[in-house]
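A quick write-up on the structure given underneath.
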Amino acid sequence: MLDISHIPSQQQQTFTFYSVGAGIWQTWNKPRNAKFIEIFCLGGGAGGAISTVTAGSANGSVGGGSAGIVKGLIPAFLLPDTIYILVGKGGAGSTGNATNGGVGGISYIGLQPLISEQTLICKSSTTTASGNRTGATTSVVSLSAFGNLGLFTAVAGVDGSVAGSSTTQGASQAALATNITTGGAGGGGKTTLAFAAGGNITSASVILTSQVNGGVTDAQNGDSGYGTLIPFCGTGGAGGAGRQGASGAGGRGGNGFYGCGGGGVGGGTTATGTKGGDGGDGLVIITVIC
């Protein structure tokens, strides 16, 4: 008779944790008979910006960067019965003149409800996703003391797109080009005589088949991003179109999917009545192999 008692049964349980507020920790209790723990740790994306508003020619605004990701596998017997999870919030889109969007929060998993490296299993990135375009930087897992109990892979976030000048469309970017998340697209510029369209999130994928469209009419809002949980992937928000003329606000940026950046606002003469797209909240998924 073949002895297979040492091979996992491959029964799985999946636990998904969403952000419940900035700085709020959640607990997870290890099930009985757990053999391996798989971790997917995604931070929050950054919000889209609003550039300097003016009655003359104005640029659009940049999109927010996307979050970092850490994936790992740990033998369950090496972990305590309870671990603590802090899921990063997405950054709020800008509402003020010449103001970047809010940063995306880092997600943490640890043995205590602390962000100290001495108690962490992992964190989604080293730095936050920025509302000034920059994606989150790659997490250095070896610095998290208890990350050395398993095998981990860390992925950096994606930069948001640049803004359009006074006469050009906000920059677009492609979904699933280099990562499973994207930053937000840039907003279009404007002059007193014309406006430019917002940037798109394009896709040629069989998974994410629909383009996320930037604003294409005067001061039109950009569309919000979308995605799937199985397989996990998503997009940032598209950019707003510029507002032609000497009065009025540019189109809003679209909101990002989990971990993705918000779109930038179109150029305008006021920040009142418009808003950068919100960055998507983070997400932590723990799968138990019994």
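None of the figures in this text is laboratory data; all of them are computed from the coordinates on show. The model shown is predicted, which means the values in this text are computed figures rather than measured ones. Here Cβ is always computed from backbone atoms with ideal geometry, including for glycine, and neighbour counts include all displayed protein chains.
Dividing the mean sequence gap of close Cα pairs (under 8 Å, 6+ apart) by how many residues the chain holds gives a relative contact order of 25 percent.
Gain on full extension, evaluated as 0.36 nm per residue between T287 and A55 minus their Cα-Cα distance, stands at 78.1 nm.
Which residue fluctuates the most in the chain, going by a Gaussian network model with Cα springs under 10 Å, if the choices are S57, S165, S210? Fluctuation is largest for S210. Ordering G90, S139, G43 by the projection of their Cα atoms onto the charge dipole of the chain, which places +1 on the Cβ of Lys and Arg and -1 on the Cβ of Asp and Glu, puts G90 at the extreme positive end. The mean sequence separation of alpha-carbon pairs under 8 Å and at least six residues apart, normalised by the residue count of the range 132-290, gives a relative contact order of 18 percent. Which whole-number percentage describes the relative contact order of the range 1-100, with Cα contacts under 8 Å and a sequence gap of 6 or more? For the range 1-100, the relative contact order is 40 percent. Only lysines eight or more places from K71 in sequence, or on another chain, were considered; those with a Cα closer than 25 Å are K30, K35, K89, K123. Counting only DSSP beta bridges whose two residues both lie in the chain, roughly 95 percent are antiparallel.
Spin-label model, L73 to V216: label points 7 Å out along the Cα-to-beta-carbon direction sit 4.5 nm apart.
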